[in-house]
Amino acid sequence: MKGLKIAAIASFSLLLVMLVLVGYLFMTAEVSVVQVTAHGIPASSDPAAFEQLKTSVEEGTFQGTLFQKPLEWKDASEYVYLTYTIRLQNNCLVPIDMVEAQVVPLSTDILQIGDYEVRSLDLKSQGDLNVRILAPKDTHSVRELIVTYYLWGVSGSVKTLFGQ
């Protein structure tokens, strides 16, 4: 009888220790945006790629997020590719399974080019994530960016504003 009591106390103690550790992991799970940079490339720098992108939108085979389909496409010199590079810091004690980013578009933005590579972030590390959109050439680069990450199948998100 005394042996069962000792085993029960040991099991309960082990359960408490495990609950404290799991709680600690979730309480310290923090993903933050360290830096965001942006640069623009005129769509006219690669007219063949622009024409292919335009054709895929028209045919309905575009892979990405279509914000709006232009009623009439203009010349490639009227558009710019804005690329945002987001540097993330994983302060968690476990790796992030998957991380992705989305741009909150302006009313004039056309599309966000899809990135179907699964990206992860090791524990206590930094990594870069690129997001590319097509916009009119006279647009500014101020955008809200939403980074979504998955930690043990549970999603979390971080919002940041570039160009305040």
Only strands (runs of 3 or more DSSP E) wholly contained in the stretch 4-111 count here; list those with 3 or more residues that are of a type in the set (G, A, S) and either surrounded by 14 or more Cβ atoms within 10 Å (Cβ to Cβ) or at pLDDT below 95 (or both).
31-42
Count of the stretch 112-164 residues which are small (G, A, S), open to solvent by 40 Å² or more (accessible area, probe 1.4 Å) and in a strand (DSSP E or B):
2
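Mind checking whether some residue in the stretch 112-122 is under 29 Å from G23 (Cβ atoms), under 18 Å from the mean Cα position of the chain (by Cα) and aliphatic (A, V, I, L, M)? Before you say what the answer is, go through the steps one by one.
Kept after step one, since they are under 29 Å from G23 (Cβ atoms), are these residues of the stretch 112-122: 118-122.
From what is left, the residues that are under 18 Å from the mean Cα position of the chain (by Cα) are 118-122.
Restricting the remaining residues to those that are aliphatic (A, V, I, L, M) gives 118, 121.
Scanning the stretch 112-122 turns up at least one residue that is under 29 Å from G23 (Cβ atoms), under 18 Å from the mean Cα position of the chain (by Cα) and aliphatic (A, V, I, L, M).
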Checked against (1) of a type outside the set (V, I, T); (2) in contact with a Gly (Cβ under 9 Å, 6 or more places away or on another chain); (3) more than 17 Å from C92 (Cα to Cα), P136 satisfies every condition except (2)
Lone unmet requirement of (1) of a type in the set (A, V, I, L, M, F, W, C); (2) under 17 Å from W152 (Cβ atoms); (3) without any contact (Cβ under 8 Å) to a residue 60 or more places away in the chain; (4) out of contact with any Ser or Thr (no Cβ under 7 Å at 6 or more places or on another chain) for V94:
(3)
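The values are calculated or read from the model by the stated rules, or taken from the named source; none is laboratory data. Keep in mind the model is a prediction, meaning the values are calculated, not measured. Every residue, glycine as well, gets a Cβ built from its backbone with ideal geometry; the counts of neighbours run over all protein chains shown. Heavy atoms of the whole protein, side chains included, go into the accessibility calculation; ligands, DNA and RNA do not. Shrake-Rupley method; radii C 1.70, N 1.55, O 1.52, S 1.80 Å.
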